[in-house]
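The block underneath contains the structure these notes are about, expressed in structure tokens.
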Amino acid sequence: MYIIPDIVQLKLNKNFDIAYSILQDILALKCPDIRKIETLYGSQKSHVIRELMKDFIGRYLDGAKRIRPHNPDSPMEITLARKAVEKNPDYQKVHSSILLNKIPEIRHLEIFYGEYSKSVQDVIRLYVNLNLKRKCEIGAASHLNRVGAVVFQLRMNNPGAHDYSAAAMLHDSIEDLVKLKRKPDGRLDTDSYNSFIEKYIPEQLQAAVKILTNHYNIILSYILDILEEEDKAYTLKNILGELEKIAALKYRELSGYAEKMHKIFRKAETEGNLIEALRWECYKNLYLEGISKETSSRKDHRVYEIKGVDLSDNSHGKGSLSIDARIRNINKNLMWGVKGYSMESTWKPFNAHIQEVMEDAYQSAEYLILSDLLQPHSSADFVMSALLKILKMEDVFYI
């Protein structure tokens, strides 16, 4: 039975079953029975908490949706591959070097990346020299190596080749290591982008790595740098103006991405942090859709599958993220799975990985809610926090 470690740990709480029952009632748009709430929070707080739940359900939750069923028989191929590869001595050598901010030896890299090992080593060297870190403060290349090694462990490579594991290892390299600049005449300079790809990404892998690259983030970061240099506010109007300039240049690739961003941003209804809202608009409306279309046109779903391994790895390390970042990660995983199913692939491993990533997202969402419901102090505050999280993850809980 598929169950994430977080839920296993939470089940040790003696009140887990009653909290889970309350969650199921809320999702079914039923106000939980007062006796359940008293069992969890005591008689002195129960009536206030029940009124909170009743008011919230009536005001915010849409009764037209159907609860998403669990898939307890979901495969665990990605999870088991991640566990298995950690026992590989060559993986241990490579990964410990990265964690110590050192360059792994070619002979250990060759097990996973074969003919592309020198390129992989060169990219790792850039990460090490720049001392790039993830939010948890470990070396950023550790994530790339885990994704690449898990793709290898899943036997996604064709016999005698290492194209997919190497592309997986390099999947974030363009976004992490390329910083777009402006020419003296004010136009976008693409030299750094083109030269990085030519120098560090082997020709056979360039198409796959570009497909996996979130070019929308690269362009938005460039625009924010320009606005900062010119002492202009981060407003939607100013961002749209810069996108128009990039689109007008008719660069082979980047202008096309800018045009798509401009079209989406004009219609976007943004709330809260504008920049984060725009990044999310790009992700859900452009980035995943782009990977899906490109891989379908190539009749090769393996590149889209690599993105699933990437998302699974991010979910595996979600404990170091903020709550908002964890919720985004969960929503991303669910979206990847839904989009994957729409591709109607008959490739069984691909569909198995979709099931796994979606079930992981579902259980991770439940964990966030249940953790709040099981808090013994400031109970009303945590209950309201749980209810608000349900709203943010409606697409996970409902079909």
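The numbers here are math on the coordinates, done by the rules we state, and not lab data. Quick caveat, the model's predicted, so the values are computed rather than measured. Positions of Cβ are generated from backbone atoms using ideal geometry, with glycine treated the same way; all protein chains shown enter the neighbour counts.
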If each of Arg266 and Ser378 carries a label point 7 Å out from its Cα toward its Cβ, how far apart are those two points in nm? 4.5
Whole-Å distance, taken between Cα centres, linking the stretch 27-54 and the stretch 61-98: 34
What is the extension gain from Glu289 to Ile103, computed as 0.36 nm multiplied by their sequence separation minus the C-alpha to C-alpha distance, in nm to one decimal? 63.4 nm
If I fit a long axis through the Cα atoms of helix 117-130 and take the longest principal axis of the Cα atoms of the chain, what angle between them do I get, 0 to 90°, rounded to 10? 70
What is the order of Cys136, Cys282, Cys31, fewest Cβ neighbours within 10 Å to most? Cys136, Cys31, Cys282
Using per-residue counts of other Cβ atoms within 10 Å, averaged over each peptide, order 371-378, 383-390 from highest down. 383-390, 371-378
Going by a ≥ b ≥ c, the root eigenvalues of the Cα gyration tensor, does the stretch 121-218 fall in the rounded group (a/c under 1.5), the prolate group (a/b larger than b/c) or the oblate group? oblate
Per DSSP H run of n ≥ 4, the term is -39500 (n - 2.57); total these for the chain, divide by its residue number, and report the mean residue ellipticity at 222 nm rounded to 500 deg cm²/dmol. -21000 deg cm²/dmol
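So what is the relative contact order for the stretch 77-306, in percent, with contacts set as C-alpha pairs under 8 Å and at least six apart?
14
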How much length, in nm to one decimal, is gained on full extension between Asp122 and Glu51, taken as 0.36 nm per residue of separation minus their Cα-Cα distance? 19.6 nm
Using a/c under 1.5 as the rounded threshold, could you call the stretch 1-51 rounded, prolate or oblate? The axes a ≥ b ≥ c are square roots of the C-alpha gyration tensor eigenvalues, and prolate needs a/b larger than b/c, oblate otherwise. oblate
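Given a cut-off of under 8 Å on Cα pairs at least six residues apart, what relative contact order in percent is computed for the chain?
Relative CO of the chain lands at 20 percent.
Once R0 is set to 51 Å, what does the formula 1/(1 + (r/R0)^6) return for the Cβ-Cβ distance between Ser43 and Cys136, expressed as a FRET efficiency to the nearest 0.05?
Working: r = 42 Å, r/R0 = 0.82.
It comes to 0.75.
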Enumerate the amide H contacts of Arg182 below 5 Å, restricted to partners 5 or more residues apart or on another chain; note that Pro and chain-start residues carry no placed amide H. Asp189
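Grab the beta carbon distance between Glu394 and Asn13, set R0 = 22 Å, and tell me the FRET efficiency rounded to 0.05. Intermediate results must be reported in sequence, preceding the final value.
Details: r = 26 Å, r/R0 = 1.16.
Result of the calculation: an efficiency of 0.30.
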Taking a cut-off of 18 Å between Cα atoms, list the lysines near Lys307, but don't count ones fewer than 8 places away on the same chain. Lys210, Lys284, Lys293, Lys299, Lys318, Lys332, Lys339, Lys348
Treat each spin label as a single point 7 Å out from the Cα along the C-beta direction, and report the Ser195 to Ala233 distance in nm. 3.7
Cut-off 11 Å between beta-carbons: net charge of the residues surrounding Asn217, Lys and Arg +1, Asp and Glu -1: -2
Local electrostatic count at Gly308 - Lys and Arg +1, Asp and Glu -1, tallied over other residues with Cβ under 12 Å: -2
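Can you tell me how much longer the chain between Ala84 and Thr346 gets when fully stretched, taken as 0.36 nm per residue apart minus their C-alpha distance, in nm with one decimal? Walk me through the intermediate numbers first.
Details: separation 262, 0.36 × 262 = 94.32 nm, distance 2.64 nm.
Separation in residues times 0.36 nm, less the Cα-Cα distance, equals 91.7 nm.
Taking 8 Å as the Cα distance limit and 6 or more residues as the minimum spacing, I'd like the relative contact order of the stretch 1-122 as a percentage.
Details: 75 pairs, mean separation 22.7, N = 122.
Value for the stretch 1-122: 19 percent.
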Point-to-point label distance, Lys181-Glu115, nm (Cα→Cβ direction, 7 Å offset): 3.4
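Could you pull out the trypsin sites (Lys or Arg not before Pro) across the stretch 126-171 that fall in loop regions by DSSP (anything but H, G, I, E, B) with no more than 13 other Cβ atoms inside 10 Å?
Details: sites: Lys133, Arg134, Lys135, Arg146, Arg155; in loops: Arg134, Lys135, Arg155.
Within the stretch 126-171, the qualifying trypsin sites (Lys or Arg not before Pro) (loop, at most 13 other Cβ atoms within 10 Å) are Lys135, Arg155.
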Taking Cα centroids, how far is the stretch 129-206 from the stretch 268-329 in Å? 17
Shape category assigned to the stretch 126-175 from the gyration tensor of Cα positions, a/c cut at 1.5: prolate
